[in-house]
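Asks: Provided herewith is a single structure, encoded as C-alpha cells, for subsequent inquiry.
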Amino acid sequence: MNLYRLILPLITASFLAACSQDAQVDAQVADLSAATASDQRILAADQEPQNWLAHGRTYDEQRYSPLDQITDKNVKDLGLDWHYDFDTHRGLEATPIVIDGVMYVTGSWSRVYALNAVTGELLWEFNPEVPGEWAVNACCDVVNRGVAVWQGKVYVGTLDGRLIALDAKTGEKIWDVMTIDQKYPYSITGAPRIVKGKVIIGNGGAEFGVRGYVGAYDALTGEQVWRFYTVPGNPADGFETPALETAAKTWNGEWWKLGGGGTVWDSMAYDADLDLLYVGVGNGSPWNQELRSPGGGDNLYLSSILALRPDTGEYVWHYQTTPGEMWDYTATQHMILADLEIAGKARKVLMQAPKNGFFYVLDRETGELLSAENYVDVNWASHIDMETGRPVEDPRARYYDSPWLAFPNPLGAHNWHPMSYNPNSKIVYIPAQEVPFLYAPDKDFKAIRPGINLGIDMAAASMPDDKTARDQVMSMIKGHISAWDPVAQKELWRVQHPGPWNGGLLNTKGKVLFQGNAAGYFVAYNSENGDKLWSFPAQTGIVASPITFSVDGEQYVTILAGWGGVFPLLAGEAALKSGRVSNNSRILTFKLGGTDKLPDWKYVEPDLPEPPVGNGDDKQAANGNALFHRFCSSCHGDKAVSAGVLPDLRYTLALHDDTWFDITQDGILKDNGMVSFKDQLSTEQLEDIRQYVITRAQRLKASQGTKED
C-alpha cells in the first residue's frame, strides 16, 4: 500500500484539529503562514471541504465540493458579498486557491494576489514584471490559470517561462527559475501542480514552432529534478529516453527543424495509490502534418495522455487520442480520475473530453481504452475502433490537397475550461461547444520565427462576406453544458447556450451546478436536471471556473469574471454570438444574503471615426487580407472584428497617418504587448495590411444602421 495511505489517518486527525483552531481566528487577521497545504493535506481534502487546496480541489481533479449550505432550494437567495477590481483588462482564467480564510489567485500578466477570502481585502500583490513584448509569443491571451500552494509557499508560472516561489505570508519572492530557453517562443499560462515535494509545470508555444516538454522542480529550492520531452528531437543528437527513441519511429522527415509541438500547457492529475502523474499533450507544430512529418505517421506523443512517475519523469504508458493530428486536436483538456463500475467490474478510470469530440474512459493503471463515444457531432472520424483504439477517419479530413469543413474546429468540442464530476450520481458536466472551421493548406508556407506557424490558410477560414453565407455559419456556432453518463457513454440532458466559450464548471453536494458564461452571467443550475435556479449579471464574459469554500461555517462561491482567451481575440464576429461584452476584470464572491453591488455599467458602442480614403487596389487589399490573417488576426480578430478585449483596429486613428508605422515598425506600444513587426514584414506589406483594415473600416461605416457587419 502507498505510504501516504498508511499515514493518512494520523495526518487527517492532526489537520482537522488545526482547522478547528484556525476557524476561531478572525479571517481579517488570518496568519498567512497557515498556507501549509501539502501532498498529504490534499489527499485528505474531503476531510476539510471548507478549503480549496489544489487546482481541482483534489488530486483527482473532480471539481466537486461536499459543502451543502448552499442548495438547490436556497440558491435563489445567493447575493454578491464582495468584489475585487483588477487594474488590468485582459482575460481571467484562474481557479483560486483558498486555505484557512486566505485566497490566492492570479490575474492577467501572471500577477499574483492574496486576499482575505471573507472581506476581499488585498493582503499582498506580486507582479513578476513580464515584458509586454513577450505577449507576441502567447497564442491565446496573457492569461494565467492559477497558483499552487505548498508548505507556506505560493508557486506561479509566468508568461515569459519562469517558475516563481513566493512567501505565502508576505508575497516576497523566495526563488525564481527560468524553465525555458528564451531563444524560443515558449509561454506558460497553466497552473503548476505540487506532487511529492515537486512543482510540475509545462508550457505552451506549439503554434510558434517549439518542442514540448513537462518538468519537475524541487519545491524548496527550484532546482530542476527531471524533464520529459513529449516529442523526439534530432536523432543525430541521441534520445533523452527510450520512450522518445520509440516515438521517433512514428515521425518522418526533419520534424525537429520545425519544433514538432506537443506542449503540455494545461491539464494534469495525480493518483497517489498508483503513484502516477497524468499529463495531457498538445498539438503538432505546424498543424499541417504534411509539412512537419511528410508521409504521415502517428507522431507520438502528440495529442496523447501520458502516465509518468512523479519522482523521475519515467514513462509508464500513453494513449493517443488523435494519431498524426493535424487539426489542433489537443489532449491537454481537463482529466478527471474516478472509480466506476463498468461491465460489472470496478475500474479505476481516467476520463477526458479532448478537443476532437470523443469522450474517453481509460483504465488509469494501464492506459487501456474502456470506451469512447462522441459527445458532440463530429465529421472528421466516424467512431473509435475499440480493437485498435484508433479513430476511423474520413480520409477527406486530411486537407493535404483540398479544404475540409470540419466539426469540431481548432477550439475543439471542449477546450481548457474545466469539467466537473459528481461522485454520487456519476455524472460528468462538460462545457461543450460546436464551431465549424475550414481547413485549407497554406500553399506558400514558410516557417517564421517569431510567428505563428500553422501551415493552413487562415484567410480561407475567415467569416464569409456574403450575408446569407455568414448567417448560415453563425447559425452553426453553439455552446452548451452536457450532462454526460461516462458508463453508458451518453448525454442525459443539456443546457443550451447562444454561443461557445463559456466558463468551467463546479458542482456541489447541495445539488447545485455553477457556471459563468460568454453572455456575461454567473448561473446556478440544478445538477440533477439542468433547471436554471439563479443568475447574476457579471458585466463581462466569464471563462474561468468557480470554486466554493467556507469560513466560520459560512459557505461562499467565488468566480473570476473577465472576458478573454483565444476565442474573443481570434474569432471576430463568431465571438459575438453570445452578445457583445467587454472586459471588466473582477473577483466576484457570493454568499446567501450577500448585499454587495457592482457599480452601474452598461456596454456602450464606441463612435466610429470617419475612415481614411484608401488608396490601394484589389490586389493590395487581397495581399493585406492574407497577411492580416497570418500575422494579426490572432490578437485583433478575424476580418479585423474585435470581440471586446483588444482594440478594434477598424476604429483606430492610426490608420490615418504614419502612426501606423510607429506602432507596427517602431514598436512604440511594445510594453502593452504590441511588438514591432519590422523583422517579419516590409514597409510595403505593412501598408498592404493597413489598406485592408481601411477597407474593413469603410465596410463597417457603410453598414452602420443596417446591422449587417
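The values are calculated or read from the model by the stated rules, or taken from the named source; none is laboratory data. Predicted model only: the values in this text are computed from it and were never measured. Cβ: placed from backbone, ideal geometry, glycine included. Neighbour counts: every protein chain shown.
Asks: Between ASP85, ASP100, ASP60, which is acidic (Asp, Glu) and surrounded by fewer than 22 Cβ atoms within 10 Å (Cβ to Cβ)?
Replies: Only one candidate qualifies: ASP85.
Quick grid of which residues meet (1) within 30 Å of TYR184 (Cα to Cα); (2) touching a residue at least 60 places away in the same chain (Cβ under 8 Å):
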| residue | (1), (2) |
| --- | --- |
| ALA459 | yes, yes |
| SER462 | yes, yes |
| ILE477 | no, yes |
| HIS480 | no, no |
| ALA483 | no, no |
| LEU533 | no, yes |
| VAL551 | no, yes |
| GLU554 | no, yes |
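Asks: Applying the selection to region 438-449, what residues are closer than 30 Å to GLY504 by Cβ and either touching a Leu at 6+ places or on another chain (Cβ under 7 Å) or surrounded by fewer than 22 Cβ atoms within 10 Å (Cβ to Cβ) (or both)?
Replies: LEU438
Asks: Follow-up question, since we're still on this one. Which one of these does ARG57 not meet: (1) outside any loop (DSSP other than H, G, I, E, B); (2) basic (Lys, Arg); (3) modelled with pLDDT of 50 or more?
Replies: Only one criterion in (1) outside any loop (DSSP other than H, G, I, E, B); (2) basic (Lys, Arg); (3) modelled with pLDDT of 50 or more is unmet by ARG57, namely (1).
Asks: Follow-up question, since we're still on this one. Give me the pairs: first residue in region 498-515 and closer than 11 Å to MET419 by Cα, second residue charged (D, E, K, R), beta-carbon distance under 7 Å, and six or more apart or on different chains, which are they?
Replies: LEU505/ARG63; LEU506/ARG63
Asks: Those residues that are under 15 Å from the mean Cα position of the chain (by Cα) and hydrophobic (A, V, I, L, M, F, W, C), I need them from region 534-563; list them, please.
Replies: Correct list: ILE542, VAL543, ALA544, LEU560, ALA561, TRP563.
Asks: With the requirement that a residue be touching a helix residue (DSSP H, G or I) at 6+ places or on another chain (Cβ under 9 Å) and either closer than 30 Å to VAL523 by Cβ or at pLDDT below 85 (or both), what does region 595-616 give you?
Replies: Listed by number, the residues that qualify are PRO606, GLY614, ASN615, GLY616.
Asks: Identify all residues within region 321-347 that are buried (at least 18 other Cβ atoms within 10 Å of the Cβ), of a type outside the set (Val, Ile, Thr), assigned to a strand (DSSP E or B) and touching a residue at least 24 places away in the same chain (Cβ under 8 Å); write none if there are none.
Replies: MET335, LEU337, ALA338
Asks: May I pose another question? If you go through region 528-541 one residue at a time, do you hit one that is within 27 Å of ASN288 (Cβ to Cβ), of a type in the set (Phe, Trp, Tyr) and in the same structural domain as ASN283 (by TED's automatic domain parsing)?
Replies: no
Asks: Within region 19-29, does at least one residue satisfy the condition of being assigned to a loop (DSSP other than H, G, I, E, B) and either of a type in the set (D, E, K, R) or modelled with pLDDT of 95 or more (or both)?
Replies: Yes, the conditions are met somewhere in region 19-29.
Asks: Please find, among GLN555, GLN489, GLN515, the residue that is on the phi > 0 side of the Ramachandran plot and either modelled with pLDDT of 95 or more or among the aliphatic types (A, V, I, L, M) (or both).
Replies: GLN489
Asks: OK, next. If I filter region 78-98 for residues that are over 26 Å from ARG162 (Cα atoms), assigned by TED's automatic domain parsing to the domain that holds ILE587, among the acidic types (Asp, Glu) and part of a loop (DSSP other than H, G, I, E, B), do I get at least one hit?
Replies: no
Asks: Of the residues that sit in region 211-239 and are farther than 21 Å from ARG193 by Cβ and of a type outside the set (Gly, Ala, Ser), which one is surrounded by the most Cβ atoms within 10 Å (Cβ to Cβ)?
Replies: VAL231
Asks: Residue check: is GLU207 at pLDDT below 95 and not basic (Lys, Arg)?
Replies: yes
Asks: With the requirement that a residue be within 20 Å of the chain's Cα centre (by Cα) and either farther than 18 Å from LYS478 by Cβ or without any contact (Cβ under 8 Å) to a residue 24 or more places away in the chain (or both), what does region 420-447 give you?
Replies: Result: SER420, TYR421, VAL428.
Asks: Among residues belonging to region 379-418 that are among the charged types (D, E, K, R) and outside any strand (DSSP E or B), point out the one that is farthest from ILE477 (Cα to Cα).
Replies: Step by step, filter region 379-418, then rank; the result is GLU387.
Asks: Taking only region 235-285 into account, find how many residues are among the small types (Gly, Ala, Ser), within 21 Å of the chain's Cα centre (by Cα) and on the phi < 0 side of the Ramachandran plot.
Replies: Total meeting the criteria: 6.
Residue-by-condition table, conditions (1) farther than 30 Å from LEU80 by Cα; (2) surrounded by fewer than 17 Cβ atoms within 10 Å (Cβ to Cβ):
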{"residue": "SER582", "(1), (2)": "no, no"}
{"residue": "LEU608", "(1), (2)": "yes, yes"}
{"residue": "ASP618", "(1), (2)": "yes, yes"}
{"residue": "CYS635", "(1), (2)": "yes, no"}
{"residue": "VAL645", "(1), (2)": "no, no"}
{"residue": "ASP657", "(1), (2)": "yes, yes"}
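Asks: May I ask you to list the residues in region 611-630 that are within 26 Å of ARG580 (Cβ to Cβ) and either free of Cβ contacts under 8 Å to residues at least 40 places away in the same chain or assigned to a loop (DSSP other than H, G, I, E, B) (or both)?
Replies: PRO611, PRO612
Asks: Within the bounds of region 665-672, is there any residue that is assigned to a loop (DSSP other than H, G, I, E, B) and closer than 21 Å to PRO464 by Cβ?
Replies: Among the residues of region 665-672, not one is assigned to a loop (DSSP other than H, G, I, E, B) and closer than 21 Å to PRO464 by Cβ, which makes the answer no.
Asks: Give region 631-662 a look and list any residue that's more than 19 Å from PRO606 (Cα to Cα), free of Cβ contacts under 8 Å to residues at least 24 places away in the same chain and not β-branched (Val, Ile, Thr), or say none.
Replies: ASP657, ASP658, ASP662 - these are the residues of region 631-662 that are more than 19 Å from PRO606 (Cα to Cα), free of Cβ contacts under 8 Å to residues at least 24 places away in the same chain and not β-branched (Val, Ile, Thr).
Asks: Can I ask one more? What is the one condition in (1) among the acidic types (Asp, Glu); (2) closer than 14 Å to ILE694 by Cα; (3) out of contact with any His (no Cβ under 8 Å at 6 or more places or on another chain) that ASP662 does not satisfy?
Replies: (2)
Asks: When region 284-313 is examined, which residues are found to be among the acidic types (Asp, Glu) and either out of contact with any Ser or Thr (no Cβ under 6 Å at 6 or more places or on another chain) or buried (at least 24 other Cβ atoms within 10 Å of the Cβ) (or both)?
Replies: Result: GLU290, ASP311.
Asks: Could you list, in sequence order, the residues of region 526-551 that are in contact with a strand residue (DSSP E or B) (Cβ under 8 Å, 6 or more places away or on another chain) and assigned to a strand (DSSP E or B)?
Replies: Those that are in contact with a strand residue (DSSP E or B) (Cβ under 8 Å, 6 or more places away or on another chain) and assigned to a strand (DSSP E or B): ASN526, LYS532, LEU533, TRP534, SER535, PHE536, PRO537, ILE547, THR548, PHE549, SER550.
Asks: While we're looking at this one, here's another question. Whether any residue in region 462-481 is under 30 Å from ASN526 (Cα atoms) and in contact with a Ser or Thr (Cβ under 8 Å, 6 or more places away or on another chain) is what I want to check.
Replies: There is at least one residue in region 462-481 that is under 30 Å from ASN526 (Cα atoms) and in contact with a Ser or Thr (Cβ under 8 Å, 6 or more places away or on another chain).
Asks: Looking at VAL512, VAL523, VAL543, can you tell me which residue is of a type outside the set (S, T, N, Q) and farther than 26 Å from ALA575 by Cα?
Replies: Just one listed residue meets the conditions, VAL512.
Asks: Within region 240-283, how many residues turn out to be in contact (Cβ under 8 Å) with a residue 60 or more places away in the chain, buried (at least 20 other Cβ atoms within 10 Å of the Cβ) and not in a loop (DSSP other than H, G, I, E, B)?
Replies: The qualifying residues number 10.
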